[in-house]
1. Look through ASP36, ASP83, ASP65, ASP31 and report the one residue that is exposed (fewer than 10 other Cβ atoms within 10 Å of the Cβ), part of a helix (DSSP H, G or I) and of a type in the set (Asp, Glu).
2. For the stretch 41-61, check the following and say yes or no: at least one residue is at positive phi and either out of contact with any helix residue (DSSP H, G or I) (no Cβ under 9 Å at 6 or more places or on another chain) or of a type in the set (Lys, Arg) (or both).
Amino acid sequence: MGLFDDVSQFLEKRIDDFLKNNPHLELQALDDKLRDQAKETDRLLAELMASEQRNQTQILATAQDVKRWDDRIQKAKAANRQDLVVRPRIIWRG
């Protein structure tokens with residue numbers, strides 16, 4: 001691996017020297033890198049927004065389920081059906 005590291009360091013030094021002698025190319029390389037980072041940032045932002053939307057949808061669905069069960073409990077209480085008011089025992093299998 002020593003030879004590979006030496007060649008790599010040599011090439012990096014040559015590239016650095018070339019870019020120092022051609023500052024317009026160095027600026028162009030930095031501009032390209034910034035554009036790539038901006039594209040990646042936009043992609044990640046879109047991914048996060050989609051995830052947020054999925055989470056909101058799940059939260060709303062859960063809220064609707066809670067409301068539906070609350071309505072059922074209220075109806076059971078109004079009908080004096082305490083056997084229907086008692087919560088079923090849920091066994092968690094994580």
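Coordinate-derived values only; no laboratory data. Since the structure is predicted, the reported quantities are computational estimates derived from the model, not experimental observations. We place every Cβ from the backbone using ideal geometry, glycine too, and count neighbours over all the protein chains shown.
1. ASP83
2. No: zero hits.
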